[in-house]
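> Please find one structure pasted underneath; my questions will follow.
The values are calculated or read from the model by the stated rules, or taken from the named source; none is laboratory data. Everything numeric in this text was worked out from a predicted model, so none of it was measured. Neighbour counts are summed over all protein chains in view; Cβ atoms, including those assigned to glycine, are modelled from backbone coordinates with ideal geometry. Side chains are part of the model used for accessible areas, which takes the heavy atoms of the whole protein and leaves out ligands, DNA and RNA. Shrake-Rupley method; radii C 1.70, N 1.55, O 1.52, S 1.80 Å.
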Amino acid sequence: MYKKIVSLLPAATEIVCALGLEKNLVGRSHECDFPESVKQLPVCSEANFADNLGSKEIDVKVKELLTDALSVYTVNRELIKQLAPDIVITQAQCEVCAVSLKDVEDALENYLDKQARIISLQPNSLDDVFRDIATIADALNVTPVGNILLEELHQRVDIIRHKLKFSENKPTVVCIEWLEPLMVSGNWVPELVSIAGGTPILTEAGKPSAYVQWEDICMFDPEILIIMPCGFPIERTLKEIDILFKLPGFAEMKAVKNKGVYIADGNQYFNRPGPRIVDSIEILAEIINPKQFVFGYEGNGWIRFSL
């Protein structure tokens with residue numbers, strides 16, 4: 001049966017396309033931009049703050065909206081009604097990262113001319129991401145295609161695990177998810193770091209990203225520092241990187257002295273729990289174990305940063 005899909009989550013859009021069902025997509029969120037061809041789809045949401053704000057300004061604005069019980073995003077329900085989807089995909093994990101389940105339910109309840117199934121994703125681990133791919137494949141009646149996709153993704157992860165099976169060197173790694181205020185990456189990222197051969201610190205796999213004090217990072221003095229702000233491409237992170245190197249003690253950190261500071265594309269990779277989460281593992285493997293892995297992401301997915 002032909003099913004029309006509106007995806008309000010970039011990762012879900014990528015999952016649908018990886019399952020070979022891009023033709024079924026009739027609408028997307030304002031953040032869905034991969035593959036490039038989905039940009040031609042009608043945009044069914046928008047952020048309730050300006051796109052050109054800095055990290056601190058975004059944090060303040062988002063907190064103001066949430067404090068006032070307002071949504072960070074607006075769902076265009078008139079457009080979605082016109083598109084008449086059979087399935088709407090969103091998420092229930094983070095009100096800040098993308099259009100939430102509540103936003104969708106509030107906008108569409110008793111509004112559409114036909115009953116649409118709302119699929120809400122809430123991944124906290126790598127297994128959850130894989131499970132979400134299976135869930136969408138099942139909902140779209142392409143379970144065999146989903147199984148093939150998952151097998152390919154598992155094989156890529158297993159290659160990395162196998163090559164590092166007897167590796168004893170596991171450098172300490174801090175992944176920064178937000179610059180001001182400082183946050184370290186949680187959820188699936190610590191697990192990805194471990195698979196890639198590192199030791200994640202100041203965070204715990206499966207737990208939400210957390211605010212940290214700069215003094216705590218300095219105290220642990222990680223061997224590798226990876227900066228991957230949520231929703232930021234490398235170019236945008238570079239515009240705000242001085243927030244970090246102006247902090248006391250930055251230049252004396254082990255990672256800085258040993259040229260172990262990197263900027264990764266948090267927007268396209270690490271913050272998108274879809275098929276390219278495995279690309280994120282490969283990026284980390286290149287950074288943490290450059291002698292064992294060269295996948296070709298340097299310059300695009302990540303760069304080395306030096307003062």
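> Picking from Leu247, Leu307, Met183, whose Cα lies most toward the positive end of the charge dipole for segment 164-307 (charges on Cβ: Lys, Arg +1; Asp, Glu -1)?
With unit charges placed on the Cβ atoms, the residue in question is Leu307.
> For the chain, what is the charge dipole size about the Cα centre, in debye to the nearest 20, if Lys and Arg each add +1 at the Cβ and Asp and Glu each add -1 at the Cβ?
In debye, rounded to 20, the chain gives about 560.
> Relative to the Cα centre, what is the charge dipole magnitude of segment 150-307, using +1 at the beta carbon of each Lys and Arg, -1 at the beta carbon of each Asp and Glu, and rounding to the nearest 20 debye?
280
> To continue, here is another question. Could you check the simple spin-label distance between Leu238 and Ile159, using points 7 Å along Cα→Cβ, in nm with one decimal?
Roughly 2.9 nm, to one decimal.
> Pop out the ³J(HN,Hα) list for segment 217-228 in order, Karplus 6.51 cos²θ - 1.76 cosθ + 1.60 with θ = phi - 60°, rounded to Hz; leave Gly and Pro as x.
Each residue of segment 217-228 in turn: 5, 4, 5, 6, 6, x, 6, 10, 10, 10, 9, 9 Hz.
> Enter the per residue convex hull volume of the chain, computed from alpha-carbon coordinates, in Å³ rounded to the nearest integer.
124
> How large a share of the accessible area of the chain, in percent, is made up of carbon and sulfur atoms when the probe is 1.4 Å and the other protein chains stay in place?
51
> What is the distance in Å between the Cα centres of segment 213-289 and segment 116-184?
19
> Given 0.36 nm per residue, what is the gain on full extension from Asn141 to Ala92 after removing their alpha carbon distance, in nm?
Full extension of this stretch gives 15.3 nm more.
> For labels at Lys102 and Lys23 in the simple 7 Å Cα→Cβ model, what's the distance in nm?
In this crude spin-label approximation the distance works out to 4.0 nm.
> Quick one: 3J(HN,Hα) in Hz for segment 138-147, Karplus 6.51/-1.76/1.60 with θ = phi - 60°, rounded, Gly and Pro as x.
Karplus-based 3J(HN,Hα) across segment 138-147 equals 5, 5, 9, 6, 10, 3, x, 5, x, 5 Hz.
> Here's another thing I want to ask about it. For helix 55-67, report the angle its Cα long axis makes with the longest principal axis of the Cα atoms of the chain; keep it between 0 and 90° and round to the nearest 10°.
40
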